[in-house]
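Everything on this sheet refers to the single structure shown next.
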Amino acid sequence: MRLRLKGGRVLDPANGENGVVSGAVRDIEIEDGRIIAATDQKADAEYDLAGDVVMAGGIDLHSHIAGGKMNLARLLMQEDRKAFPEMPGNFCGCGGGRAAPTAHATGCRYAELGYTTVFEPAMVGANARGAHLEMADIPNLDTGAYLVLGNDDFFLRLLAAGAHQETVNAYVGWMIEATQAFAIKIVNPGGINAFKFNARKMELDEANPHYGVTPRKVLTTLIRAVTELGLPHPIHLHGCNLGVPGNDETTLATIRAAEGRRLHLTHLQFHSYGTEGDKRFSSSAARIAELVNANPNISVDVGQVMFGQTVTASADYMSQYRNRAIASPNKSIGMDIELDAACGVVPFEYKDKSFVNALQWAIGLELFLLVEDPWRIFLTTDHPNGGPFTTYPHLIRLLMDRDFRNAQLATLNKAAQKHTMLAEITRQYSLEEIAILTRAAPARILGLTDKGHLGPGAVADIAVHREDSDREAMFSTTRMVFKNGRLIVKDGVVVELAQGTTHVARPTFDRAIETDMKRWFDESVGLKAQHFRISDGELRNGAGPTILTCERGEG
């Protein structure tokens with residue numbers, strides 16, 4: 001099948017092409033789902049783009065779309081599907097929801113925004129099979145999942161016993177393979193486990209009350225494991241003390257703890273709070289952005305707060321236990337998950353007249369605008385924790401339009417306005433920078449060489465936008481979206497459902513660990529290790545995963 005997209009202005013930062021600035025138009029040719037070099041051969045179908053902006057399909061590297069916590073969030077948030085019911089019409093039948101949409105709605109709403117790949121950033125091993133089944137039910141998106149480690153008893157026992165790094169590496173490699181994961185996520189390193197022993201707060205160098213290991217030890221050991229196993233994505237870190245005023249010092253210390261090794265700090269906005277001022281809550285975005293700018297080994301996503309109703313869902317029950325008192329509506333869920341992690345689900349409404357919420361909004365935007373390198377910062381709301389992913393077009397306008405941003409700021413809580421430097425920041429993102437944040441940079445940091453660009457060999461995941469000076473309008477309605485070369489969205493409406501793939505990483509590791517894993521599962525888990533393992537055939541309705549083979553690196 002050969003397609004030709006004719007006369008588009010191609011915006012492809014990964015290959016240095018910016019048709020928006022140059023005004024140049026060209027054709028993109030697709031054969032069997034991949035972009036190829038232009039030919040003179042007759043195409044089976046042609047689409048006239050009439051100078052519209054053409055970008056690679058969007059990639060969201062951090063959005064909670066599947067797994068046990070999202071199912072609990074859907075169970076808790078019946079109001080969400082009542083407020084945002086199933087779309088009318090005969091075709092889609094998405095099931096509805098906005099803060100906690102159904103799997104089907106997740107795929108359709110992302111596709112309508114021009115996104116074609118989304119990664120679930122917190123998959124617990126015990127829930128991995130369910131998470132993969134759920135991802136297979138999401139149409140129009142390629143997916144992958146980061147495995148949550150760092151609070152699991154097997155790992156903490158290894159650290160407490162002084163295990164050799166090679167043994168830790170083997171354990172991490174075994175868990176990645178067994179759960180069909182793509183990367184490693186740490187949530188509040190050691191803190192979730194410490195909560196079970198009555199700790200309610202942990203600093204980077206504070207020892208776990210049971211195992212005696214510190215978050216720093218957890219972090220540096222897993223950074224080294226991921227590096228030596230050759231996983232493409234660095235440790236994806238939800239650090240200590242999320243949401244606590246004064247956590248800025250912990251964040252700065254965490255960046256320094258990486259000692260030059262690659263580290264990704266996720267939802268950085270929730271970790272950038274100082275204690276200055278009469279309200280003892282202030283922005284540390286400038287300090288943290290300065291250190292991020294000075295450390296090219298550090299990448300971040302923001303977790304921007306967007307006003308309105310949402311639901312927060314996190315493995316960090318130490319934080320969620322604290323937040324349950326401010327739930328809106330007033331209900332919450334908290335639970336342990338097989339002694340490996342935990343889960344807290346707390347509904348929340350971010351209010352623009354609230355001092356704290358308004359300043360959180362401003363802190364996120366400050367980070368976006370003060371971190372200088374667009375290849376090391378990523379557009380996220382930590383869906384749904386900071387707000388639903390459907391708010392991305394509004395967020396893009398805030399980044400690209402200073403007058404609009406300042407007009408929004410002027411409507412917020414007055415005290416919060418006085419505590420932010422946002423109005424003084426003149427930077428406005430360009431379309432090219434938005435394409436980097438949402439396409440090229442995520443592909444690069446995830447090691448997906450055939451995504452995030454429009455060069456020959458790339459997967460034909462393509463979004464076509466009609467340029468509009470109102471950037472929110474431009475990114476709210478995508479003119480066309482192609483998934484593997486198939487037209488799935490036309491004029492902002494889903495017209496076809498396509499099955500995506502699941503990306504997994506396959507590191508090599510010392511398989512002598514399998515004896516220890518079998519014994520651990522027999523003695524402590526109540527499930528055979530071979531039954532814990534997920535086979536390739538269980539993914540994507542038997543289609544199996546897309547495997548990224550890892551090359552071992554130096555620690």
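The values are calculated or read from the model by the stated rules, or taken from the named source; none is laboratory data. Note that the coordinates shown come from a computational prediction; the quantities given were computed from them, not determined experimentally. Heads up, the Cβs are rebuilt from the backbone with ideal geometry, glycines too, and the neighbour counts pull from every protein chain shown. SASA here: full protein model, heavy atoms, side chains in, ligands and nucleic acids out. Shrake-Rupley method; radii C 1.70, N 1.55, O 1.52, S 1.80 Å.
Before moving on, here are some points about what is shown:
- Of all beta bridges that DSSP places with both ends in the chain, some 55 percent have antiparallel geometry.
- Peptides 406-417, 443-454, 193-204 ranked from most to least packed give 443-454, 193-204, 406-417, packing being the mean of other C-beta atoms within 10 angstrom over each peptide's residues.
- The length gained by stretching the chain between residue 372 and residue 38 to full extension, at 0.36 nm per residue less their Cα-Cα distance, is 116.7 nm.
- For the pair segment 407-485 and segment 26-79, the centres of their Cα atoms are 14 angstrom apart.
- In percent, rounded to a whole number, the relative contact order of the chain is 20, using alpha-carbon pairs under 8 Å and six or more apart.
- Chain lengthening between residue 512 and residue 163 when straightened (0.36 nm per residue, less Cα-Cα): 124.2 nm
- Taking the Cα centre of segment 160-302 as origin and assigning +1 to Lys and Arg Cβ atoms and -1 to Asp and Glu Cβ atoms, the resulting dipole is close to 200 debye.
- Accessible area expressed per residue, segment 312-416, with surrounding protein chains retained (probe 1.4 Å, Å²): 32 Å²
- Alpha-carbon radius of gyration plus Dmax, which is the widest Cα pair, for the chain in Å: 22.6, 70
- Mean silhouette area of segment 253-318, derived from the convex hull of its C-alpha atoms and averaged over all directions, reads 6.0 nm².
- Kirkwood analysis of segment 164-224, using all unique Cα-Cα pairs, places the hydrodynamic radius at 12.5 Å.
- Estimated translational diffusion coefficient (Stokes-Einstein, Kirkwood radius over Cα pairs, 25 °C, 0.890 mPa s) of segment 332-377: 179 µm² per second.
- Unit charges at the beta carbon, dipole of the chain: most positive-side option, 104, 428, 176: 104
- Over segment 248-397, Cα pairs under 8 Å with separation of 6+ residues give a relative contact order of 29 percent.
- Around residue 205: net Lys/Arg minus Asp/Glu count, Cβ-Cβ under 15 Å: 0
- Size of electric dipole in segment 317-410: Cβ of Lys, Arg +1 and of Asp, Glu -1, about Cα centre, debye, nearest 20: 380 debye
- Across the options 65, 121, 160, the greatest Cα extent toward the positive end of the charge dipole of segment 48-180 (unit charges at beta carbon of Lys, Arg, Asp, Glu) belongs to 160.
- Under 24 Å from residue 201, Cα to Cα: lysines that are on another chain or at least 8 residues apart: 69, 185, 217, 279, 331
- Spin-label model distance (nm) - residue 78 vs residue 294, 7 Å beyond Cα toward Cβ: 5.4 nm
- The tail of the calculated P(r) for segment 465-555, taken as Cα-Cα distances beyond 16 Å, holds 74 percent of the pairs.
- Whole-number D in µm² s⁻¹ for segment 363-490, Kirkwood Cα-pair radius fed into Stokes-Einstein, 25 °C, 0.890 mPa s: 152 µm²/s
- Residue 118 sits among other residues whose Cβ lies under 9 Å from its own Cβ, and their net charge, with Lys and Arg +1 and Asp and Glu -1, is -3.
- Cα-based reach from residue 451 at 20 Å (exclusive), listing lysines while leaving out same-chain residues under 8 positions away: 483
- Surface composition of segment 418-544: carbon plus sulfur atoms hold 47% of the accessible area, using a 1.4 angstrom probe and ignoring ligands, DNA and RNA.
- Accessible-area composition of segment 238-379, carbon plus sulfur, in percent [1.4 Å probe]: 49 percent
- Solvent exposure of segment 61-185, expressed per residue, is 27 Å² of accessible area, with all protein chains present and a 1.4 angstrom probe.
- Probe 1.4 Å, protein heavy atoms only - accessible area per residue of segment 417-500 in square angstrom: 38 Å²
- R0 of 30 Å, Cβ-Cβ distance residue 421-residue 497: FRET efficiency to nearest 0.05: 0.10
- Point-charge dipole on Cβ atoms (K/R +1, D/E -1) for the chain, about Cα centre, debye to 20: 960 debye
- Averaged over residues, the count of other Cβ atoms within 10 Å places the peptides 254-262, 41-49, 343-351 in the sequence 343-351, 254-262, 41-49, highest first.
- Protection proxy ranking, highest mean first, for peptides 32-40, 299-307: 299-307, 32-40, where packing is the per-residue count of other beta-carbon atoms within 10 Å, averaged.
- Modelled label reach - residue 331, point 7 Å along Cα→Cβ, segment 54-70 residues with backbone N closer than 11 Å: none
- Carbon plus sulfur fraction of accessible area for segment 11-155, probe 1.4 Å, in percent: 52 percent
- Relative contact order [Cα under 8 Å, 6+ residues apart], segment 45-190, whole percent: 23 percent
- Taking the Cα atoms of segment 162-305, the ratio Rg/Rh between the radius of gyration and the Kirkwood radius comes to 0.98.
- On full extension, the segment bounded by residue 2 and residue 411 gains 142.1 nm, given 0.36 nm per residue less the C-alpha separation.
- Which of 33, 488, 212, positive extreme of dipole for the chain (C-beta unit charges): 212
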